[in-house]
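The values are calculated or read from the model by the stated rules, or taken from the named source; none is laboratory data. What you see is a predicted model, and the numbers here were worked out from it, not measured in a lab. For neighbour counting, all protein chains shown are included, and Cβ atoms are generated from backbone atoms with ideal geometry for every residue, glycine included.
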Amino acid sequence: MAITGVKGFNDILPGEVEKWQHIEATARRVFELYGLSEIRIPILEKTELFCRSIGDATDIVEKEMYSFEDKGGNKVTMRPEGTASVMRAFIEHKMHALDPVARLYYMGPMFRYERPQKGRYRQFHQIGAEITGVSSPTVDAQVLTMLTHFFQELGLTEPSLQVNSLGCPCCRPNYREALKSFLYERIELLCDDCKRRYETNPLRALDCKSPGCQEATKGAPSMLQYLCDDCSTHFGKTRSYLDLVGTPYAINERMVRGLDYYTRTTFEMVTTMLGAQSAVAAGGRYDGLISELGGPQIPGIGFAMGVERVALLLAEKEFARRPDLFIAAIGEEAHAEAFRLMAALQRNGIAVEIDYEGKSLKSQMRRADKFNSRFTLIIGEDELAKSAAPLKNMDGGTQEEIALDAALIAKVIKVIKG
């Protein structure tokens, strides 16, 4: 009986992986335009890191983390998200001593034990960005503009940006009490999770997908009504800077984030193309997280996007690689020449495929079609005898004779590279 993969842990196969590479390359290119540098963080962290940063009352900590004791008795967790790890590295390596303003991005696998569904798996992949050391709303607007720019570079008209403010430790407690008072009259409508979180994290009822919770929260007070003067000013300036540079957005007063560390500006990129699970990227400001993890009082803002979900949005686009040249060779001497040419061209940056098994010309041309090769070169006994072979442009349908001489490599490179 064949061994299969673990449920929720997916293989990314050729034909699909090229799409992922395109997403990653686009993120690197766009993020570095905005001054960000890549950071690579470990998959395994101390469990305490996520309990302190994410919050004990969140679904991630309560139900979803892959946590265990290692052979030394240490409690460790496979990272469920990237921000806490990046901030741990920022503090541990004293990056703030060099410059409190750090602009970082990361990409890689995360792990959560949740029910696999469309675009969501137990091993999933995120691309994220974090900027520290700036409290000005201009950086909020820049982060949101960068994220929007990234999706534009992918050629996607969806998703669209939604923004909200979650206030700060000064004004959020008043809102929590107002929301609790509102929900108390409707508590029987709440799902079991939201009933349990009523005291510790009542805001989560606002984005719960349970029909009862959606009914219970209709007409609930908005956090925007309870913002203190500083938070209200910050949110207003963030929106004005977005307007200034033409970054489109909508305000979603019901938006809350599932992690406790968010303050003030929060946001999501949402789409109607993936069913009920509409968010493909999300984030916000976390001005207290770095100090909560033992670092200095430095503000921060960031986001993460799900690569699987972004890839679903690109489902109709073609990213499979195609070789520049397929060399069809008939006969042992021609096969040796094809192998020599292939090696020389590959060293010069030309992607080349050949047949390795001595199949018929018809079979080799079928294989060239399967590869969707841009050009084909046919070499057989006749071509070797007259020292010339046909080079065919498979896209344009044109063909030219090319001499099999010392200048062949340079000629082929010139034709293929245009």
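For the range 38-61, filtering for residues that are surrounded by 15 or more Cβ atoms within 10 Å (Cβ to Cβ) and at pLDDT below 90 leaves 10. For the range 308-316, the criterion of being out of contact with any helix residue (DSSP H, G or I) (no Cβ under 9 Å at 6 or more places or on another chain) and among the hydrophobic types (A, V, I, L, M, F, W, C) is met by at least one residue.
Looking at the structure I just gave you, is SER210 closer than 30 Å to HIS149 by Cβ, among the small types (Gly, Ala, Ser) and outside the structural domain of LEU147 (by TED's automatic domain parsing)? No, not satisfied. For the range 3-27, give me each residue that is out of contact with any strand residue (DSSP E or B) (no Cβ under 7 Å at 6 or more places or on another chain) and outside any loop (DSSP other than H, G, I, E, B). Once the filter is applied, which keeps residues that are out of contact with any strand residue (DSSP E or B) (no Cβ under 7 Å at 6 or more places or on another chain) and outside any loop (DSSP other than H, G, I, E, B), the range 3-27 yields VAL17, GLU18, LYS19, TRP20, GLN21, HIS22, ILE23, ALA25, THR26. Quick check on the range 145-163: of everything there that is in a loop (DSSP other than H, G, I, E, B) and not β-branched (Val, Ile, Thr), which residue is nearest to SER37 (Cα to Cα)? By that ranking, first place goes to LEU154. Tell me, which residue of the range 102-144 that is crowded, with 19+ Cβ neighbours inside 10 Å and part of a helix (DSSP H, G or I) is farthest from the chain's Cα centre (by Cα)? Result: PRO137. Of the helices (runs of 4 or more DSSP H) that lie entirely inside the range 300-418, those containing 2 or more residues that are without any contact (Cβ under 8 Å) to a residue 24 or more places away in the chain and aliphatic (A, V, I, L, M) span 332-347.
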